Amino acid sequence: MTYEEKAKELRREIETVLHRAGGSFSGGSLSIADVMTVIFQGGFLRLNPGDPWKPDRDMLVLSKGHCSSALYCSLAMAGMFPKEELLNYGADGSDMLIHPKIRSYPGVETSSGSLGHGLALGTGSALAARIRGYDSRVFVVIGDGECNEGSVWENAAFAAKQKLNHLIVVVDRNRLQGCGRDSEILNYGDMAEKWRAFGYRVFDIDGHDCGAIEAALKETVTWNDERPTAIIAQTVKGKGVSFMEDRLEWHYKSPDEAQYAQAMEELR
Amino acid sequence: MRNIFVDEMQKIMREDPGVVFVSAECGFHVVEGLEQEFPDRFYNVGIAEQSMVGTAAGLALRGLKPVGYTMAMFLTMRAYEQIRVDVAYQQLPVVLAGVIPGYGYGNSGTTHHSIEDTAILRVLPNMTVVYTSCETDVRAAARLAVNYGNPIYIGLGRNDPDYQPDYTQEDFRFGKAIRLSDGKDAALFATGVMLPEAMKACKRLRDKGIGISVYNMHTVKPLDTEAIREAAEECGVIYTLEEENIIGGLGGAVAEYIAENDGLRCRFKRFGVPDTYGHGSGSIAWLRKQAGIDAESVADSVERHLRKGT
């Protein structure tokens, strides 16, 4: 199966979970679907379903925790737990919180939901791996709106200073945050330039071009650069479902029956 | 007590390769020896408390034993949400060392005082909150903390070299108060840097014929309710003393326990900072005097309370 087909499957799983649970955040979950697909399906995040917490494991920290449906579905598709578990998303008494809880399921590495936390957790984990001599990769997926948080930049500088080149930050540059467009709110402009200025090796790519994502990751894991990597994934919020694409309200809305049916049709 | 803490940590790090020390630009002329001995296990994240706490939590994700070390007010208030989400909620074994809480920075002023940390930390689930009073406390707490396996905050106030209580590191256990004197008229539960003041107050009262049992309540959470019960039954009068705001601190914790336990019939009074930032510039001694938490003020207040009920 190609990355594109896998990404479509991930998007179908995401919308199924969100429809069933009445869940929000379709927009930001669909925008990272291609990046998540290549990281998970391309072997860049080396998972061990049989021993998911071994100390030298690779880790993916989903810092934009509201888009957990993309994480849970990616983990299930990668065989970390049965797909039936996805029925627990947001359910009373379940461990599958909409904003995830640490180690609730294999591969859920951190609690997230409060923005601006994941990078420092990833940095600490990458630092621990270096201290221990582990060949571990740490992916941190953060939103471009999340980059409003000062804590992101506090820690971005530290990770660069420590030359943590096994830290791979993916910035989901969908340009649409909770109350409007980035250009209208803080206008971060050239996101790539900002990370470059903080000392990162930057790949500024189309975040829906699986080939481009794979190429950036392949280049990163040659480890021929001492800087941490920042992949600026230029994306469209709600990507793949026509009526969700680049629409603010799909940060919040949940697909009803008709919308779900149409989404599934478009994602066939 | 920060020098003692860093000294003990340096010894611990020789024995335990899992311990990692993370500072947020704190420790000039204190941490350099540790940094030089362990260049790959000492990190200064810069003036960035949120980054420090998050990084420490990240180190714990892979089983290391991080110690986050920086000034108490900035650690607990600037990085409060990282303490809540990254450390307490994730229940990671991170040691947070708060340097010089209370009035310990004296005439540096109110921005540098930390009179709220007890109240805001003890409200966090999974969090243990400890204040050391002397070298023995610090060395014992440091050793216990790195292997505690749970989130813990240790407030490290200024050391009073004249205060050297007569117990050993083995007597120090989190959650277990240490009784320092025996008296039948009242019990005084003090924490952290208030222990020297409490013992001085005890002596002043003894000279006036009033016997006070002083307890080192180094652990504010979990609270040693057995010791409170013992004191209530023996003395019938309980006081608390802390260099923290009167609201929500040790006194608040003890009050909550007494109020909900009908069997405890005792009188009760808290000594702490009277809910104000308004004392102006001043030395530690002067600030304590204004707050009524120096030995003389406490002794006078206790005497008045016991004799006249006010």
Looking only at region B:99-115, count how many residues are in contact with a helix residue (DSSP H, G or I) (Cβ under 7 Å, 6 or more places away or on another chain) and not in a helix (DSSP H, G or I).
-> 8
So A:G133 fits all but one of (1) away from every other protein chain (no Cβ under 14 Å); (2) over 28 Å from A:G238 (Cα atoms); what number is the exception?
-> (1)
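Counting residues that are free of Cβ contacts under 8 Å to residues at least 40 places away in the same chain and within 14 Å of another protein chain (Cβ to nearest Cβ), which helices (runs of 4 or more DSSP H) fully inside region B:1-76 reach at least 1?
Working: elements: B:2-15, B:32-37, B:49-61.
By residue number, B:2-15, B:49-61.
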Among the residues of region B:101-146, the number that are on the phi > 0 side of the Ramachandran plot and either buried (at least 24 other Cβ atoms within 10 Å of the Cβ) or without any contact (Cβ under 8 Å) to a residue 60 or more places away in the chain (or both) is 2
Reported set for region A:92-149 where residues are over 23 Å from A:A78 (Cβ atoms) and part of a loop (DSSP other than H, G, I, E, B) is A:D92, A:G93, A:S114, A:L115, A:G116, A:H117, A:G133, A:D144, A:G145, A:E149
How about region A:194-229: which of its residues are among the aliphatic types (A, V, I, L, M), within 14 Å of A:F44 (Cβ to Cβ) and in contact (Cβ under 8 Å) with a residue 24 or more places away in the chain?
-> A:I213, A:L217, A:V221
Surrounded by 23 or more Cβ atoms within 10 Å (Cβ to Cβ), farther than 28 Å from B:H112 by Cα and touching a residue at least 60 places away in the same chain (Cβ under 8 Å): does that describe B:A186?
-> yes
So A:F44 clears everything in (1) part of a loop (DSSP other than H, G, I, E, B); (2) within 14 Å of chain B (Cβ to nearest Cβ) except one condition, right? Which one?
-> (2)
Just for region A:147-172: of the residues that are open to solvent by 10 Å² or more (accessible area, probe 1.4 Å), closer than 30 Å to A:D135 by Cβ and of a type in the set (D, E, K, R), which one is farthest from the other protein chains (Cβ to nearest Cβ)?
-> A:K163
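Just checking, which of A:R12, A:R20 is part of a helix (DSSP H, G or I), within 20 Å of A:Y105 (Cα to Cα) and open to solvent by 30 Å² or more (accessible area, probe 1.4 Å)?
A:R20
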Could you tell me whether any residue of region B:155-174 is open to solvent by 60 Å² or more (accessible area, probe 1.4 Å), within 21 Å of B:R288 (Cβ to Cβ) and free of Cβ contacts under 8 Å to residues at least 12 places away in the same chain?
-> yes
Check region B:226-239 and report whether any residue there is outside the structural domain of B:C134 (by TED's automatic domain parsing) and within 21 Å of B:Y103 (Cβ to Cβ).
-> yes
Check whether at least one residue in region A:153-176 is free of Cβ contacts under 8 Å to residues at least 40 places away in the same chain and of a type in the set (A, V, I, L, M), and report yes or no.
-> no
Open to solvent by 10 Å² or more (accessible area, probe 1.4 Å) and of a type in the set (S, T, Y): does that describe B:S213?
-> no
Selected residue (only one of A:R181, A:R175 is within 17 Å of the chain's Cα centre (by Cα), open to solvent by 10 Å² or more (accessible area, probe 1.4 Å) and more than 14 Å from chain B (Cβ to nearest Cβ)) | A:R175
Within region A:117-124, is there a residue that is surrounded by fewer than 24 Cβ atoms within 10 Å (Cβ to Cβ) and either at the interface with another protein chain (Cβ under 8 Å from one of its Cβ atoms) or under 14 Å from the mean Cα position of the chain (by Cα) (or both)?
-> no
Could you give every pair whose Cβ atoms fall below 6 Å, whose first residue belongs to region A:236-247 and is hydrophobic (A, V, I, L, M, F, W, C), and whose second residue is surrounded by 24 or more Cβ atoms within 10 Å (Cβ to Cβ), counting only separations of at least 6 or pairs across chains?
-> A:V241/A:A263; A:M244/A:S26; A:M244/A:G238; A:M244/A:W250
How many residues, within region B:270-296, are out of contact with any helix residue (DSSP H, G or I) (no Cβ under 6 Å at 6 or more places or on another chain) and either under 15 Å from B:I212 (Cβ atoms) or assigned by TED's automatic domain parsing to the domain that holds B:S114 (or both)?
-> 1
Taking into account only those residues within region B:1-36 that are of a type in the set (S, T, N, Q) and open to solvent by 20 Å² or more (accessible area, probe 1.4 Å), which is farthest from A:L127 (Cα to Cα)?
-> B:N3
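The values are calculated or read from the model by the stated rules, or taken from the named source; none is laboratory data. The structure presented is a predicted model; accordingly, all values stated were derived computationally and were not measured. When we count neighbours, we look across all protein chains shown, and the Cβ atoms used for this are built from the backbone with ideal geometry, even at glycine. Remember, those area values only see protein heavy atoms, side chains included, never the ligands or the DNA or RNA. Shrake-Rupley method; radii C 1.70, N 1.55, O 1.52, S 1.80 Å.
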